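Everything below concerns the one structure shown next.
The values are calculated or read from the model by the stated rules, or taken from the named source; none is laboratory data. The shown structure was predicted, so the numbers you read here are calculated from the model rather than taken from an experiment. When we count neighbours, we look across all protein chains shown, and the Cβ atoms used for this are built from the backbone with ideal geometry, even at glycine. The area values use the complete protein model at the heavy-atom level, side chains included, leaving out ligands, DNA and RNA. Shrake-Rupley method; radii C 1.70, N 1.55, O 1.52, S 1.80 Å.
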Amino acid sequence: MLPLRTVRGRLLLGIACQATAALAGVTPFIAVAETGRALLSGEEWLLYVVVGIAALPVRVISLTAATTLTHFADNDLQLHLRRELARHVSRLPLGWLSTRGSGAVKQAVHDDVGALHHLVAHALLDLVSALVIPIAATVYLVTVNPLMTVITLVPLALGFAFRSRAMRNVHVRMAEYHHATESLNTASVEFVHGIAVVKTFGQTGKGHNRFREAARTYGKFVSDWAEHVTPPLIRSQIVQAPLVALVVVLTAGTALSAAGLLTPADLVPFLVLGTGLSGPALAIGYSLQELRAGRAAADRISTVLATPALREGTGAAPVPISPARVEFDSVNFGYDAETEVLRSIDLVLEPGTVTALVGPSGAGKSTLAGLLGRFHDVSEGSVRINGVDVRDIPSAELYRRVGFVLQDVRLLNTTVLDNIRLASPEADEAAVVLAAKAARIHDRITALPDGYLTVLGDDVHLSGGEAQRVCIARALLADTPVLVLDEATSFADAESEAEIQEAVGELAVGRTVLVIAHRLTTVREADQIVVLEDGVIRERGTHDDLLAADGAYASMWTVTR
Ligand code: ADP
């Protein structure tokens, strides 16, 4: 487990202390048993009492040391991992983040690192106790009477046999379980998101079906599994119950005494220790389960850390900020080695012009636009700004040149003011207000309970169109010479739509704009229209040129009219 390497020394020391504590925990029981044997056979017993009592402070001290060591190790590990993850994630391609979503990052940085706390600070120590206590007790019992020890261990062994039967194929089952849970989660999210649409179209039954099917599959899987696992687990718990151990020890002990194979004094240790073996032994199962969960979390963290980061540009060739001329030169790109999503793309975006990308869904429009901001890097060819390959421009420099207004609006849970000046934190309030006015969102902001200081998400939720205009204000303030716009498709209300169009108009002035257009009516005015189909450029030209050419664009235009 890669992440644990940094704290291995302290963990080993903690484990040693815990083992000492476990031995010191068994010692008083052995001392009681030995005192009993000595009293029954009339031998000296005081030393056993002294040793038993002396073991108590040793246990307290080594337990404290073990827990302190592992907690300190855990603190350092969490700090190290969180810093490492934050540093690494910030260098990953933006495309990686948008496909995984913030959920996956949160899972690694928060949940998985948190899950390691249990592993590092507790589960390892619990496992050490669970192993050392029964082993030490068994070794002692063997010195008293080996035959009786074997008999005492029979219920324990039976319990493990039942348990391992229940746990057979647990990996396969767990994988199936995760799959069923994921399907249910996806179906639930779809179901909740789709409620409004489904109701509007009166298709209640249909919309529910997928969710119902996923819930049924999940329920059937869980009940099948429970049916398979519960009987052997119950049997295992019954045979490992202390009462069963007591019955076995008493019956076998009496029989062996009668046969002259065990003295009554030697029965005492089995009564004191033999009946308590199953408790810690049972804990082994739980500790192993926790170790497995911790291991899975550590593996997920390792996977994130092993994802190749973007090569950071050296900035060797300085790029003038403005005006910006963008070139896609013989660009090929595929998300994986097998399928090419973009092929032989040659495209120039002249400074101060608007280029509209049109084409069917899945043609590669978002992918092409994303290459400009290094969401992913090209497989072949290059994307250049003022002659410099985007891969050679340091990311901070790149994002000072390329801005995005995407459909997938991201607002932070902070004030409207800070949301707008996210890309330019030093901007003063007057500049923010100016940008908000140009983005047609100023009036809405001043109507909020605390105006620009209203915290989004807590105090108020903005509509999709309003959130998009906040993002446009953000892009206006960032004032990048190149802008990638993914035209919204989802905000259908006419007023919001018109305001967004006006705001976009403000944004386009004097910039090099690449707009992913979903409705042809909005691309008429573009300086250049590029028709993308199946990852290649089919046509390019102005609206009038393309209509005259009577090709793919002309037929799309006729259909939408
Ligand atoms: P458009 O924007 O024109 O709808 P996209 O650029 O989103 O098209 O997608 C182009 C192709 O690339 C599609 O076949 C899509 O399935 C695939 N694709 C998009 N994003 C990813 C991704 N993150 N991983 C793998 N394939 C993807």
Tilt relative to the chain, helix 242-258 - C-alpha long axis, 0 to 90 degrees, to 10: 30
Distant-in-sequence amide H partners of T414 (H built 1.01 Å from N, under 5 Å): L456
Sites H228 and D544, calculated FRET efficiency, Cβ-Cβ separation with R0 56 Å, nearest 0.05: 0.20
Within straight-line cross-link reach of K437, aspartates and glutamates at Cα separation under 14 Å, skipping those fewer than 8 residues along the same chain: E429, E466, E499, E502, E506
Packing rank of 140-148, 341-349, where each peptide gets the mean count of other beta carbons within 10 Å, highest leading: 341-349, 140-148
Overall form of the range 1-157 per C-alpha gyration tensor (a/c, 1.5; a/b vs b/c): prolate
Carbon + sulfur, % of accessible area of the chain - ligands and nucleic acids excluded, 1.4 Å: 62
Volume per residue of the C-alpha convex hull in the range 1-88, rounded to whole Å³: 75
Under Karplus coefficients 6.51, -1.76 and 1.60, residue-wise ³J(HN,Hα) of the range 436-450 in Hz, glycine/proline x: 5, 5, 4, 8, 6, 10, 4, 4, 5, 5, 5, 7, 6, x, 10
Cut-off under 5 Å, modelled amide H: who pairs with G381 long-range: N332
Partners for K365 among aspartates and glutamates (Cα-Cα distance below 13 Å; same-chain residues under 8 apart left out): D486, E487, E533, D534
Options S164, G362, A508, ranked by Cα towards positive dipole end of the chain, top entry (Cβ charges): S164
J(HN,Hα) series, the range 411-428, from Karplus relation 6.51 cos²θ - 1.76 cosθ + 1.60, nearest Hz, glycine and proline x: 10, 8, 7, 8, 5, 4, 4, 5, 5, 6, 9, 4, 7, 9, x, 7, 4, 8
Convex hull volume of the range 257-405 per residue (C-alpha atoms, cubic angstrom): 245
Radius 13 Å from Cβ of A309, net charge of other residues (Lys, Arg +1; Asp, Glu -1): +2
DSSP-defined antiparallel bridges as percent of all bridges, the chain, nearest 5: 50
Dmax and Rg, reported as Rg then Dmax, of the range 373-483 (C-alpha, Å): 15.7, 51
Global size of the chain as Cα Rg and Dmax, reported in angstrom: 34.5, 116
Principal-axis tilt of helix 170-200 within the chain, Cα atoms, nearest 10 degrees: 40
Under Karplus coefficients 6.51, -1.76 and 1.60, residue-wise ³J(HN,Hα) of the range 67-79 in Hz, glycine/proline x: 5, 5, 4, 5, 5, 5, 4, 5, 4, 5, 4, 4, 4
Descending Cα extents along the principal axes, the range 2-306, whole Å: 90, 44, 26
Which of I61, L243, N185, positive extreme of dipole for the range 2-306 (C-beta unit charges): N185
Whole-angstrom gap from the range 404-433 to the range 438-466, using each part's C-alpha centre: 11
Relative pair counts by distance (%), Cα atoms of the range 326-560, 10 Å bins: 8, 31, 33, 21, 7, 0
Residue-averaged 222 nm ellipticity for the chain, from DSSP H runs of 4+ at -39500 (n - 2.57), nearest 500: -20500 deg cm²/dmol
Heavy-atom surface of the chain, accessible at 1.4 Å and reported per residue (Å²): 51
DSSP-loop GluC sites (Glu not before Pro) across the range 497-561, with at most 15 other Cβ within 10 angstrom: E525
Share antiparallel - DSSP beta bridges, the range 326-560, percent rounded to 5: 50
Estimated dipole of the chain in Debye, rounded to 20 [Cβ of Lys and Arg +1, of Asp and Glu -1, Cα centre]: 1920
Mean Cβ count within 10 Å, highest first, over the residues of peptides 130-137, 169-176: 130-137, 169-176
With Cα atoms, 0 to 90° folded angle of helix 464-478 axis to the chain main axis: 80
Selected from G457, V405, A297, residue furthest toward positive end of dipole (the chain; charges at beta carbon): A297
16 Å Cα-Cα reach of K220 towards aspartates and glutamates, excluding residues that sit fewer than 8 places from it in its own chain: E176, E182
Neighbour-limited loop hits for GluC sites (Glu not before Pro), the range 373-456 (at most 10 other Cβ within 10 Å; DSSP other than H, G, I, E, B): E426
